[in-house]
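The values are calculated or read from the model by the stated rules, or taken from the named source; none is laboratory data. Everything numeric here is computed off the predicted structure, so don't read it as measured data. In this analysis, Cβ positions are derived from the backbone assuming ideal geometry, glycine residues included, and neighbour counts consider all displayed protein chains. Ligands, DNA and RNA are stripped out before the accessible areas are found, and what is left, the full protein with its side chains, is counted by its heavy atoms. Shrake-Rupley method; radii C 1.70, N 1.55, O 1.52, S 1.80 Å.
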Amino acid sequence: MPAQEQRNIQLEAGWKAELASEFDSDYMQRLRAFLREEKALGKPVFPPGPDIFNAFNSTPFDQVRVVILGQDPYHGPGQAHGLCFSVPESVRPPPSLVNIFKEIHRDLGLPIPAHGCLQRWAEQGVLLLNAVLTVEQSKAASHQGRGWERFTDAAIERLNRDREGLVFLLWGSYAQKKGSLIDRDRHLVLTAPHPSPLSAHRGFIGCGHFSRVNEYLIDRGQPAIDWRL
């Protein structure tokens, strides 16, 4: 990647230092060329450009405490804003997010939020990371296999290597594939079915992950996550 392009990437300084070599790689140059071509063809790409790295910019590298892994962004207009499972406050929460809220209510007794923006979690150290960071409108998984998976693998590898005592929440088989990158002697890994209505009844509802996250953090002398919005 040309030096000028790399300087123009708006990425939190800690993450940028960790991932600088990825931006220099051939696969990342191919990915950027693909995104430019898609936009040149007039295809709507979500989230908007300034929000593509929102997860990293909202949760600096040295402040990550919990990682929630999603698959790819919502593909409806106005939904995706760079945090997995999250939507802007003005957008109705999608079904998977509703099930997440139901499990928090069941697990911790907290009220169901009136909106679906998870920015408050991100600011407490919850990295809300999709495996793929862009998508074409109305075409789920349309940007899979273009390079984003390698980039987000690198992010997880850096967290695994350079941080300790993180909690990784891997919901569904796609997220659980990333589990091979995580040292379970250094970090806590919690798995469950995906919160989608197709699978939530098979064990996501009842998993107790949100209380278990807080128990682990408190045991390590850290404040709990306030899961309220």
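Could you grab me the full set of residues in segment 32-42 that are more than 19 Å from Arg150 (Cβ to Cβ) and either open to solvent by less than 80 Å² (accessible area, probe 1.4 Å) or among the small types (Gly, Ala, Ser) (or both)?
Within segment 32-42, Ala40, Gly42 qualify.
Restricting the search to segment 71-100, which residues are in a loop (DSSP other than H, G, I, E, B), in contact (Cβ under 8 Å) with a residue 40 or more places away in the chain and hydrophobic (A, V, I, L, M, F, W, C)?
Ala80, Leu83, Cys84, Phe85
List the pairs whose first member sits in segment 51-67 and is within 16 Å of His187 (Cα to Cα) and open to solvent by less than 20 Å² (accessible area, probe 1.4 Å), whose second member is among the charged types (D, E, K, R) and not in a strand (DSSP E or B), and whose Cβ atoms are under 6 Å apart, counting only residues at least 6 apart or on separate chains?
Phe61/Glu18
Could you tell me which of the residues Arg186, Arg202, Arg150 is farther than 30 Å from Gly14 by Cα, modelled with pLDDT of 95 or more and among the charged types (D, E, K, R)?
Testing whether each residue is farther than 30 Å from Gly14 by Cα, modelled with pLDDT of 95 or more and among the charged types (D, E, K, R) leaves just Arg202.
Out of all the residues in segment 101-113, is one or more touching a strand residue (DSSP E or B) at 6+ places or on another chain (Cβ under 9 Å) and among the basic types (Lys, Arg)?
no
Here are some conditions: (1) farther than 20 Å from Gly147 by Cβ; (2) touching a helix residue (DSSP H, G or I) at 6+ places or on another chain (Cβ under 6 Å); (3) surrounded by 19 or more Cβ atoms within 10 Å (Cβ to Cβ). Gly14 meets all but one. Which one does it not meet?
(3) is the only condition that Gly14 fails.
For segment 194-215, give me each residue that is of a type in the set (A, V, I, L, M, F, W, C), crowded, with 19+ Cβ neighbours inside 10 Å and assigned to a loop (DSSP other than H, G, I, E, B).
Selection gives Phe204, Cys207.
Here is a list: Gln29, Gln79. Which entry is open to solvent by less than 70 Å² (accessible area, probe 1.4 Å), farther than 30 Å from Pro223 by Cβ and out of contact with any Cys (no Cβ under 7 Å at 6 or more places or on another chain)?
Checking each option against the conditions leaves just Gln79.
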